[in-house]
Amino acid sequence: MLNSKFKAYAILIIVALLMILGTPLLYFALTASLSEGEFVISMAAIIPTVLIGFTYAIWYMRKHFGPEWYRLKVEIPPEVRKSPRARAFKYAGLTVLIIGLALGSWFKDPMLAIFFMATSYIIMYQGAKEEAKYFPPAARWPREIGYKIILILWLALLIGFINWLLLKIIPRP
């Protein structure tokens, strides 16, 4: 049987690899083409970001929860896990994600899919935020910081999407 330290690091590594490899694969699925230059650009952008996030996650967990951070368990009360409000947000977000990926693949437009994916993440974030209300303060605080960061990133993506739409709509001289 695997110990909890190995499981914690294995999960972090698997998530990091999925983030690294998922970016070019998603772009390929949405555009049906991926040149060598696009692959290199996506790798150059995502690998440092994921490595910084991976390092920060381990440093943060060690700093706030000690060297045995991987043994930290958060007990979610059953009424929170089965909360109809939290579930509704999570399933609605998942539905928007699937619709966005389908529309992005159909129209071969990655910006459309990325916008729907970001929107679905914000909807699912509302469900997670609903669950976090019932966590103990030590477990709630890191999640709330993460939720705020995700919200800021989504707003930046929304501004970029509106800018992209305006550039497509307004004719250039």
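The values are calculated or read from the model by the stated rules, or taken from the named source; none is laboratory data. Being a predicted model, the structure only gives us computed values, none of them experimental. Cβ coordinates were reconstructed from backbone atoms using ideal geometry, including for glycine residues, and neighbour counts include every protein chain displayed. All accessible areas refer to the heavy atoms of the entire protein, side chains included, with ligands and DNA or RNA removed. Shrake-Rupley method; radii C 1.70, N 1.55, O 1.52, S 1.80 Å.
Tell me, please, whether a residue that is surrounded by 16 or more Cβ atoms within 10 Å (Cβ to Cβ) and outside any helix (DSSP H, G or I) can be found in region 113-126. Checked region 113-126: no residue is surrounded by 16 or more Cβ atoms within 10 Å (Cβ to Cβ) and outside any helix (DSSP H, G or I). So for region 134-151 (the condition being part of a helix (DSSP H, G or I), open to solvent by less than 40 Å² (accessible area, probe 1.4 Å) and over 25 Å from residue 100 (Cα atoms)), does at least one residue qualify? Scanning region 134-151, I find at least one residue that is part of a helix (DSSP H, G or I), open to solvent by less than 40 Å² (accessible area, probe 1.4 Å) and over 25 Å from residue 100 (Cα atoms), so the answer is yes. Taking the listed residues 170, 123, the one that is in contact with a helix residue (DSSP H, G or I) (Cβ under 6 Å, 6 or more places away or on another chain) and closer than 30 Å to residue 34 by Cβ is 123, with no other qualifying. Among residues of region 157-173 that are in contact (Cβ under 8 Å) with a residue 24 or more places away in the chain, those with a Cβ under 6 angstrom from a residue that is in a helix (DSSP H, G or I) and surrounded by 14 or more Cβ atoms within 10 Å (Cβ to Cβ), sequence gap 6+ or separate chain, pair up as 157/118; 161/115; 164/111. Annotation: of all residues in region 83-96 being farther than 20 Å from residue 164 by Cβ and without any contact (Cβ under 8 Å) to a residue 40 or more places away in the chain, the one that is least open to solvent (accessible area, probe 1.4 Å) is 93.
Whether a residue is over 13 Å from the mean Cα position of the chain (by Cα), part of a helix (DSSP H, G or I) and surrounded by 14 or more Cβ atoms within 10 Å (Cβ to Cβ) was assessed, and residue 100 passes this test. Could you go through region 46-68 and let me know if any residue there is exposed (fewer than 12 other Cβ atoms within 10 Å of the Cβ), among the acidic types (Asp, Glu), out of contact with any Pro (no Cβ under 7 Å at 6 or more places or on another chain) and part of a helix (DSSP H, G or I). No: zero hits.
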